[in-house]
Amino acid sequence: MRWLGIDHGDGRIGLSISDELACLAHPYQTLQSDARVLPEIGRIVERERIGGIVIGLPKNMDGTLGQSAAKAKVFGDELARAIPAAKIIFWDERLTTVEAQRALQTAGKSTKQSKKIIDQVAAQILLQSYLDSLQWSA
């Protein structure tokens, strides 16, 4: 089963996608967070034969849920209504953007170059973390 990873933000939404074996996550696309995003994700789910969606849950460093986590939950609920066939999972995304910035700097990307793909890379890190947890639980 293929998985879609989502790094939800107020302005942009980063997407990543897994391979068919659900072993590796790859950056996929960045969408604008607007009224067209749910139908667009629905088209991606159908086109890529996605069976599950992992949405980043931005917890505070002490593990509590704040305003950003509440927004991610609302988005997940809307997505579940729009795409009832896909399994929706919320996954702790603490520090994924920091890790994505570090990875892009290590790869030699400038801040300007990174801006275009940082959300996708954060979604990739989030999804890979989830996929890795499936391997350990198997």
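The values are calculated or read from the model by the stated rules, or taken from the named source; none is laboratory data. Please read these numbers as outputs of a predicted model, since none were measured by experiment. As a convention, Cβ positions derive from the backbone with ideal geometry for all residues, glycine included, and neighbour counts pool all protein chains shown.
List the number of the failed condition for Ala85; all other conditions in (1) surrounded by 12 or more Cβ atoms within 10 Å (Cβ to Cβ); (2) over 12 Å from the mean Cα position of the chain (by Cα) hold.
(1)
Could you grab me the full set of residues in the range 5-51 that are among the acidic types (Asp, Glu) and within 20 Å of Val74 (Cα to Cα)?
If we filter the range 5-51 for residues that are among the acidic types (Asp, Glu), which is where we start, we get 7, 10, 19-20, 34, 40, 46, 48.
Of everything in the range 5-51, those that are among the acidic types (Asp, Glu) and within 20 Å of Val74 (Cα to Cα) turn out to be Asp7, Asp10, Asp34, Glu40.
With respect to Ile50, determine if the residue is under 13 Å from His8 (Cα atoms), touching a helix residue (DSSP H, G or I) at 6+ places or on another chain (Cβ under 8 Å) and aliphatic (A, V, I, L, M).
Working: under 13 Å from His8 (Cα atoms): no; touching a helix residue (DSSP H, G or I) at 6+ places or on another chain (Cβ under 8 Å): yes; aliphatic (A, V, I, L, M): yes.
When the stated conditions are applied, Ile50 does not pass them.
For the range 39-52, state whether one or more residues are out of contact with any strand residue (DSSP E or B) (no Cβ under 8 Å at 6 or more places or on another chain), surrounded by 14 or more Cβ atoms within 10 Å (Cβ to Cβ) and at pLDDT 90 or above. Give the steps one after another, and end with the answer.
As a first pass, look at the range 39-52 and keep what is out of contact with any strand residue (DSSP E or B) (no Cβ under 8 Å at 6 or more places or on another chain): 39, 42-43, 46-47.
From what's left, surrounded by 14 or more Cβ atoms within 10 Å (Cβ to Cβ): 42.
Add one more test, that the residue is at pLDDT 90 or above, and what stays is 42.
So far as the range 39-52 goes, yes, one or more of its residues are out of contact with any strand residue (DSSP E or B) (no Cβ under 8 Å at 6 or more places or on another chain), surrounded by 14 or more Cβ atoms within 10 Å (Cβ to Cβ) and at pLDDT 90 or above.
Exactly one condition in (1) in contact with a Lys or Arg (Cβ under 8 Å, 6 or more places away or on another chain); (2) of a type in the set (A, V, I, L, M, F, W, C); (3) surrounded by 15 or more Cβ atoms within 10 Å (Cβ to Cβ); (4) farther than 15 Å from Gln128 by Cα is false for Ile17; which is it?
(4)
Among the residues in the range 95-105, are any in a helix (DSSP H, G or I), modelled with pLDDT of 95 or more and crowded, with 17+ Cβ neighbours inside 10 Å? Give the steps one after another, and end with the answer.
Filtering the range 95-105 for residues in a helix (DSSP H, G or I) gives 96-105.
Going one step further and asking which of them are modelled with pLDDT of 95 or more, we end up with none.
There is no residue in the range 95-105 that is in a helix (DSSP H, G or I), modelled with pLDDT of 95 or more and crowded, with 17+ Cβ neighbours inside 10 Å.
Could you grab me the full set of residues in the range 89-101 that are β-branched (Val, Ile, Thr) and closer than 11 Å to Ile125 by Cα?
First, pick out the residues of the range 89-101 that are β-branched (Val, Ile, Thr): 89, 96-98.
Of everything in the range 89-101, those that are β-branched (Val, Ile, Thr) and closer than 11 Å to Ile125 by Cα turn out to be Thr96, Thr97, Val98.
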